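Structure, as structure tokens:
The values are calculated or read from the model by the stated rules, or taken from the named source; none is laboratory data. What you see is a predicted model; the values in this text were computed from it and never measured. Cβ coordinates were reconstructed from backbone atoms using ideal geometry, including for glycine residues, and neighbour counts include every protein chain displayed. To get the accessible areas, we keep the full protein, side chains included, count just its heavy atoms, and leave off ligands, DNA and RNA. Shrake-Rupley method; radii C 1.70, N 1.55, O 1.52, S 1.80 Å.
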Amino acid sequence: MNVTNQNADDSCRRIVIFDTTLRDGEQSPGASMNLPEKLQVAEALVELGVDVIEAGFPIASPGDFESVREISRIVKGASVCGLARCVNADIDRAWEALKEAEDPRIHVFLATSAVHREFKLRMTQDEIIAKAVAGVQRAKGYCSNVEFSPEDACRTEIDFLCRVVEATIDAGATTVNIPDTVGYTTPPEMEARIRSLIERVPNIDKAVISIHCHNDLGMAVANSLAAVTAGAGQIECSINGLGERAGNCSLEEVVMAMRTRRDFLKVDTRIVSQKLVATSRLVSKVTGLKVPRNKAIVGQNAFAHESGVHQDGVLKERTTYEIMSAESVGFAKNDLVLGKHSGRAALADRIKSLGYELTKEQLDVAFEAFKSLADLKKEVYDADIIEIVDQSSNKHAASRPADWEYISYSLTSGVDDEPAVKIVLAHENVERIVEAKGGHGPIDVMFKAIQQVVNFPLTLKEFKIEAVSGGSDAQGSATIFLEEPNSSRTYRGRGTSIDVFEAALKALVEAVNRVQSAHADA
């Protein structure tokens, strides 16, 4: 699949966008995705115009291996990359997962900074170089597209970093990534470091210089732009800035910074910017990590104006207070769209305008859900439609034959009444009723009932609910995180309904299914 972007400027130097949402992004606590969700995100990244998709760390777990392998088999239109340490078993495993990819890339890494050499690796500089070279050479034996990362490069002595970069390029690396692994550096330091590598490494023209910035001090985007200014040709980033600790460079922010300031930076990407909001919402949905309202580019308030002065200015001339249009990143012009008398064609058109492409089967499911919602709500908003699309397009994707399915519930609760619930579930087309009484309110008693369908203890770690759109008849979106005692693993569930208790139940059932799926795959 060839992605074209009419907004791109061919006269500018093109920067490669390397997306690590499925690898580094998934390392955010609670952000783990199952295989169907990873495939859905990978396909969205191709539609977005990403050049390289880092699909995972194949040696890390059987699940990671399977995800990388399936993405390699199915996803076309972008290079698929797997991460590996400079260890033979890692590299061999990465290739086994990647070998069916249209354009496979093996990404090997080894720490180089003094603190890592002394305390983590206990290796000398010469030993580091020898191991890095061996790792690149082994990867090169499998495929031509090889990337090397000197981990913690921005705290590595510049003389040693130049030696490592030169040696790994000689060994066959076609991309050399300079990670700010702990988010420590500043834009002037980053620019100076990239310029030093360009000036001092004699074979630097044989590889693309990449940058991978973490956001611990809130400078990941600024540092990435500084590297590009100095000559870097690839940016490693993630949707919504997901990643370890404070996250990575935000794809949507760095892309729109380059797009909006082409006049100054003289660079561009092949990203289809009108799909940024839809991709952001998809990743938020499958990870359960909410995008802050004031998040640049894709936040709900990114193009909102409340100040009278600002509103007056925008009404007279949009550019008085907006440096880009809401439509350029995928926001719709209007929010209120359809009602119960609207037909399939109108819904299909609105879904397309929101940046989604559905199959006929997915549209059928979405239309049925839309009509049901329209009977309950006087006004159906864009946010409602997005929720329907997300649920409909993924309705069967994440399910397994052994999953529990929510059917219905009845609940009794009040200030002076003991809470009691009866829940009807289906398992392999056989209905089962679970009941519970007591506890500390409706959510607690529902959790007690649902827990009866699993054979191991669980803790309700987090529960949150919010309105999908405006109005007293708004849908409620519930997100729940379950945790196994004595384990750091969390399992997310999400459900939506006008009835907030039903939304919570749907989320609980989805989370329990994830727990059981993880145990079945272990």
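Where nothing but the Cβ of Lys and Arg (+1) and of Asp and Glu (-1) is charged, how large is the charge dipole of region 398-458 around its Cα centre, in debye to the nearest 20? Display every interim value, and only then the final one.
Values: 5 positive and 9 negative charges, 31 e Å.
Value, rounded to 20: 140 debye.
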> What does the accessible area of L39 come to, in Å² to the nearest 10, when a probe of 1.4 Å is used?
Replying inline: 40 Å²
>> Suppose only helical runs count, i.e. DSSP H with n ≥ 4. What mean residue ellipticity at 222 nm does that imply for the chain under -39500 (n - 2.57) per run, divided by all residues and rounded to the nearest 500 deg cm²/dmol?
In response: -12000 deg cm²/dmol
> In units of 2.2 N^0.38 Å, what is the alpha-carbon radius of gyration of region 150-306?
Replying inline: 1.09
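In terms of solvent-accessible area of protein heavy atoms at a 1.4 angstrom probe, what is the ranking of D499, D417, D152, highest value first? List each step's numbers first, then the result.
Details: D499 55, D417 85, D152 0 Å².
Greatest to least solvent exposure: D417, D499, D152.
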> Ignoring any ligand, DNA or RNA, what whole percent of the accessible area of the chain comes from carbon and sulfur when the probe is 1.4 angstrom?
Replying inline: 50 percent
>> So for the chain, averaging the separation of alpha carbon pairs under 8 Å that are six or more residues apart and normalising by length, what relative contact order in percent results?
In response: 11 percent
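Report the trypsin sites (Lys or Arg not before Pro) located in region 152-259 that are in a DSSP loop and have at most 15 other Cβ atoms inside 10 Å of their Cβ, or state none.
R245
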>> Can you sort V512, V208 by solvent-accessible area, 1.4 Å probe, largest first?
In response: V208, V512
> What length, rounded to one decimal in nm, is gained on full extension from S144 through to R262, with 0.36 nm per residue of separation minus their alpha-carbon distance?
Replying inline: 39.3 nm
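Given a 1.4 Å probe and heavy atoms of the protein chains only, how would you sort S342, S472, largest accessible area at the top?
Numbers: S342 25, S472 135 Å².
In descending accessible area the options line up as S472, S342.
Rounded to the nearest 0.05, what FRET efficiency do S196 and D170 give with R0 = 22 Å and r taken as the Cβ-Cβ distance? Could you check?
Working: r = 19 Å, r/R0 = 0.84.
The calculated FRET efficiency here is 0.75.
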> Mind checking the angle between helix 220-230 and the chain's longest principal axis? C-alpha axes, 0 to 90 degrees, to the nearest 10.
Replying inline: 30 degrees
> Which of the pairs K76/K506; K99/K352; K285/K422; K99/K266 have their Cα atoms more than 31 Å apart in this structure?
Replying inline: K76/K506; K99/K352; K99/K266
> Taking the Cβ-Cβ separation of T412 and Y321 as r and a Förster radius of 60 Å, what is the calculated FRET efficiency to the nearest 0.05?
Replying inline: 0.70
>> What do you get for the angle between helix 251-260 and the principal long axis of the chain? Use alpha-carbon atoms, 0 to 90 degrees, nearest ten.
In response: 70 degrees
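Compute the length gained on full extension between E189 and E368: take 0.36 nm times their separation in residues and subtract their Cα-Cα distance, giving the result in nm to one decimal. Provide the component values of the computation, followed by the final result.
Working: separation 179, 0.36 × 179 = 64.44 nm, distance 5.56 nm.
Extra length available between E189 and E368 comes to 58.9 nm.
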> If r is the Cβ-Cβ distance from E96 to R13 and R0 is 51 Å, what FRET efficiency results, to the nearest 0.05?
Replying inline: 0.90
> What length, rounded to one decimal in nm, is gained on full extension from E466 through to I498, with 0.36 nm per residue of separation minus their alpha-carbon distance?
Replying inline: 10.4 nm
>> With every protein chain kept in place and ligands, DNA and RNA left out, what is the accessible area per residue of the chain? Probe 1.4 Å, answer in Å².
In response: 44 Å²
> Which of the trypsin sites (Lys or Arg not before Pro) across region 456-515 are loop residues per DSSP, with 16 or fewer other Cβ within 10 Å?
Replying inline: R489
>> If I fit a long axis through the Cα atoms of helix 382-393 and take the longest principal axis of the Cα atoms of the chain, what angle between them do I get, 0 to 90°, rounded to 10?
In response: 80 degrees
> How much net charge surrounds V87 when only the other residues with a Cβ under 11 Å from the Cβ of V87 are counted, with Lys and Arg +1 and Asp and Glu -1?
Replying inline: +2
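Only bridges with both residues in the chain count here: give the DSSP antiparallel percent, nearest 5.
On the way: 35 of 71 bridges.
Within the chain, antiparallel bridges account for around 50 percent of the total.
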